[in-house]
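Below is one structure, written out as structure tokens; comments come after it.
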Amino acid sequence: MSSESHTPAPPDYEPHIGESRQYWRDIILGVNDGLVSMFLLVVGVVGGGLDTGQVLLTAIAGALAGGASMAAGEYLATKSQDEVLEAELTLERIHIREHRDMELLQLRDMFREMGITEEDVDGVVSAFDRSDEAMLGAMKALEFGVVDSERRSPIKAMVMSGLLFLAGSLPSVVPFLIFDESRPALALAAVLALGGLFAVGVVKARVTRGNILSSGLENMAVAGVGGLVAWFIGDAVGTSLS
């Protein structure tokens, strides 16, 4: 009696995260920086003895300044990076036109490093040699590590970073609009900020397919340790000034 072997069905096809992939740095950095930096700010000034109104003014000023700084920084950094790449591509076009043999040799070496066998590499390089644009595209991806679909827009990076910083600031600002006393407001800010950090860690783990619990707790731990340091520094400064 023969038994048939059954090949298990392959898992369902899981799509990539797509066009948002290149902006996840801005998403995580913006909201995380807002949550952490504003929480540490309010912890420090409450530890220094400021009343609720003073903390609120400090927090709002810090949120606006931080959001503007984050937005401007991301815009300039992304734009500068794109300008450097364009300058490199302009030079690469000259290399392809004037020093083609050297570029083909470089392309051959990169394909070998990728695992293309010796018997196949000549045909692959010859195919790219037929088109300057194809060759430029290959050099762009292999030499500079850039593909057009992964390039970041300076405007989008600016808006995401600035607005998400402000969103991350809210858990540390809103409680001081609700309470008249700074200690209860700080307690609520701690709960909201740490909860927000845990949520960011969970989202990051879902995108990276990591461990949700450890990612969330790691994000909380960073702010927790920073909060303790900020409290003692604020308390020490407030005591020395009183």
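We did not get these values from a lab; they are worked out from the coordinates using the rules stated. What you see is a predicted model; the values in this text were computed from it and never measured. Because the Cβ atoms are built from the backbone with ideal geometry, glycine has one as well, and the counts that use them run over all protein chains shown.
The 3J(HN,Hα) values that the Karplus relation (6.51, -1.76, 1.60; θ = phi - 60°) gives for the stretch 57-69 are, in residue order, 4, 5, 5, 5, 4, x, 5, 5, 5, x, x, 5, 5 Hz. Gly and Pro appear as x.
Extension gain for ARG25 to ILE155 (0.36 nm times residue separation, less C-alpha to C-alpha distance): 45.3 nm. With semi-axes defined as the square roots of five times the eigenvalues of the C-alpha gyration tensor, the equivalent ellipsoid of the stretch 24-235 measures 50, 19, 12 Å, largest first. Across the stretch 190-202, rounded Karplus estimates of 3J(HN,Hα) from the backbone phi angles (6.51 cos²θ - 1.76 cosθ + 1.60, θ = phi - 60°) give 5, 4, 5, 5, 5, x, x, 5, 4, 5, 5, x, 5 Hz, Gly and Pro being marked x. For the stretch 185-217 and the stretch 117-181, what is the centre-to-centre distance using only Cα atoms, to the nearest Å? So the separation of the two Cα centres works out to 24 Å. Placing a pseudo-label 7 Å from each Cα along the Cα-to-Cβ vector at GLN106 and VAL207 gives an inter-label distance of 3.2 nm.
Note on PHE232 and ILE94: their simple-model spin labels are 5.7 nm apart, each label 7 Å out from Cα toward Cβ. Here the Gaussian network model covers the chain, with springs between Cα atoms less than 10 Å apart; of SER214, SER161, SER131, SER131 fluctuates the most.
Across the alpha-carbon set of the stretch 166-218, the Rg to Rh ratio works out to 1.13, Rh being the Kirkwood radius.
For VAL146, the residues whose modelled amide H falls within less than 5 Å of its own, excluding neighbours fewer than 5 places apart on the same chain, are ALA141. Only alpha carbons enter this Debye calculation for the stretch 141-242, each as an equal point scatterer, and the log10 of I(q)/I(0) it gives at q = 0.23, 0.24 Å⁻¹ is -1.21, -1.23. From least to most packed, judged by other beta carbons within 10 angstrom and beginning with the fewest, THR208, THR58 follow the order THR208, THR58. By the count of other C-beta atoms within 10 Å, a proxy for reagent exposure, ARG209, ARG152 are ordered fewest to most as ARG209, ARG152. Simple point charges give the picture: +1 on the Cβ of Lys and Arg, -1 on the Cβ of Asp and Glu, and for the stretch 58-166 a dipole about the Cα centre of about 740 debye.
For the pair GLU181 and GLU113, label points projected 7 Å from Cα toward Cβ lie 6.3 nm apart. Excluding residues fewer than 8 places away in the same chain, name every one of the aspartates and glutamates whose C-alpha is closer than 13 Å to that of LYS156. Straight-line reach from LYS156, under 13 Å: GLU19, ASP26, GLU74.
With the convex hull drawn around the C-alpha atoms of the stretch 36-95, the volume per residue stands at 66 Å³.
Mean residue ellipticity at 222 nm, helices only, the chain: -27000 deg cm²/dmol; runs of at least 4 DSSP H residues each add -39,500 (n - 2.57), and the sum is divided by the number of residues. Ordering ASP122, ASP82, ASP33 by the number of other Cβ atoms within 10 Å of each residue's own Cβ, fewest first, gives ASP122, ASP82, ASP33. Shown in residue order for the stretch 137-147 are the 3J(HN,Hα) couplings computed by the Karplus curve 6.51 cos²θ - 1.76 cosθ + 1.60 at θ = phi - 60°: x, 5, 5, 4, 6, 8, 8, 9, x, 10, 10 Hz (x for Gly and Pro).
Projecting the Cα positions of VAL125, ALA157, ILE178 onto the charge dipole of the stretch 24-235 (unit charges on Cβ atoms of Lys, Arg, Asp and Glu, taken about the Cα centre) puts ILE178 furthest along the positive direction. Between the listed residues VAL45, HIS95, LEU192, the Cα displaced farthest toward the positive end of the dipole of the chain, a dipole computed from Cβ unit charges relative to the Cα centre, is found at VAL45.
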